[in-house]
1. Need the full-extension length gain, Gln67 to Ala95, defined as separation in residues times 0.36 nm minus the C-alpha distance. One decimal, nm.
2. For Pro56, what is the net charge nearby, where nearby means another residue's Cβ is under 10 Å from its Cβ and Lys, Arg count +1, Asp, Glu -1?
3. Would you please give the FRET efficiency between Ala11 and Ile35, computed as 1/(1 + (r/R0)^6) with r the Cβ-Cβ distance and R0 = 25 Å, to the nearest 0.05?
4. When every alpha-carbon pair in the chain is counted, what percent end up more than 24 Å apart?
5. If the cut-off is 14 Å between C-alpha atoms, which aspartates and glutamates fall inside it for Lys103, apart from same-chain ones fewer than 8 positions away?
6. How far apart, in nanometres, would the label points at Met1 and Val129 be if each is projected 7 angstrom from Cα along the Cα-to-Cβ direction?
7. Could you compute the net charge surrounding Leu128? Neighbours are other residues with a C-beta less than 10 Å from the C-beta of Leu128; K and R count +1, D and E count -1.
Amino acid sequence: MKTIFAIIGSASEHSSNHQLVRHLQHKVNPEVNLILFDRLKELPHFDPEESTSRPPIEIIALRQVIQDADLVLISSPEYIFSVPSGLKNLLEWCAATTIFTEKPVSIITASAQGKRAMPSYNVLCRDLVLNLIPKGTFLFRGERKT
C-alpha cells in the first residue's frame, strides 16, 4: 500500500486547503493511504540546537511519518506572498535531516492569489532536496470575499 502524507499549510481548519484534501481523501484509490496532517499550530517553534541534538518527541514522530511516506502532498495558501509560517516551521524542523532527500513532493496552493508563493516553494524544495513533481503542482485561485 502506498502512503501519501498530506500537510495542510493553512492555520484555519475551515480553509479551502482543508476542504480540498478532505475531498481527495474520498477520491483517492483505496489502495492508497492518505494521511492528513493539520496540526501545524501544535508544533514547537523551530530551535536549531534542538533540531539535531534533542528534537521534541512530536518532531521525531513527524519526521518518521514523512520518512515512511511514498509522497508528500503540501496543500497550502499563500500568506503575505509566501509560505505560511507554520508550514515553514515544519520544514525548518526537517532541514537538518535527509528525510526529504529525493522525496517526491506535490504542492497545491488554494488561495485568493497564490502564484507569488511558488518561488518560495521552489527555493525550499531546492534547499531541502525535495523532488518537486512539476505535473503535481497546482494553483487554485479564488475570489477574495469581503
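Values quoted throughout were computed directly from the atomic coordinates according to the rules given, and no laboratory measurement underlies them. Just so we're clear, the structure is a prediction, and the values are computed from it rather than from any experiment. Cβ coordinates were reconstructed from backbone atoms using ideal geometry, including for glycine residues, and neighbour counts include every protein chain displayed.
1. 8.8 nm
2. -2
3. Working: r = 19 Å, r/R0 = 0.78.
Result of the calculation: an efficiency of 0.80.
4. 27 percent
5. Within the straight-line limit of under 14 Å, Lys103 reaches these aspartates and glutamates: Asp68, Asp70, Asp127.
6. My value for the distance between the label points is 3.0 nm.
7. Net of charged neighbours comes to 0.
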